[in-house]
Amino acid sequence: HLLEEVKTRYADRYIIVDSPPPQLTAETGAIARQVDGIIIVVKFGSTRREMVEDMLEKLGKEKILGVIINRFDIQSKNYGYGKYGNYGKYRKYYGK
């Protein structure tokens with residue numbers, strides 16, 4: 001299969017595969033089973049915690065390498081260090 005061939009051919013590199021959320025397509029789950037790690041991208045102030053929890057359940061926490069929070073608005077009133085701002089719930093969920 002393509003991912004196996006790419007992993008073998010470029011074993012000395014990181015290969016990044018972009019895919020839609022697993023809630024939208026079955027292919028994402030198939031891709032997730034073939035990769036070594038997963039980085040979740042969430043939209044600040046928009047991605048619901050339940051959606052992230054569902055992703056973790058479907059993909060497996062053990063493969064999660066990290067989370068990227070995009071469209072972060074530093075001017076937002078939700079930004080701050082009290083309880084890690086609005087993204088504290090994600091940090092709490094990941095156990096760090």
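The values are calculated or read from the model by the stated rules, or taken from the named source; none is laboratory data. Keep in mind the model is a prediction, meaning the values are calculated, not measured. All Cβ positions, even for glycine, are placed from backbone atoms using ideal geometry, and neighbour counts span all protein chains on display.
From the list Ile74, Ile16, Ile31, Ile68, the lone residue that is among the β-branched types (Val, Ile, Thr) and touching a Ser or Thr at 6+ places or on another chain (Cβ under 6 Å) is Ile31.
Restricting attention to region 62-96 and to residues that are at pLDDT below 85 and either closer than 16 Å to Ser19 by Cβ or basic (Lys, Arg) (or both), the residue that is nearest to the chain's Cα centre (by Cα) turns out to be Arg91.
If only residues of region 14-55 that are β-branched (Val, Ile, Thr) and part of a helix (DSSP H, G or I) are counted, the one that is farthest from His1 (Cα to Cα) is Val52.
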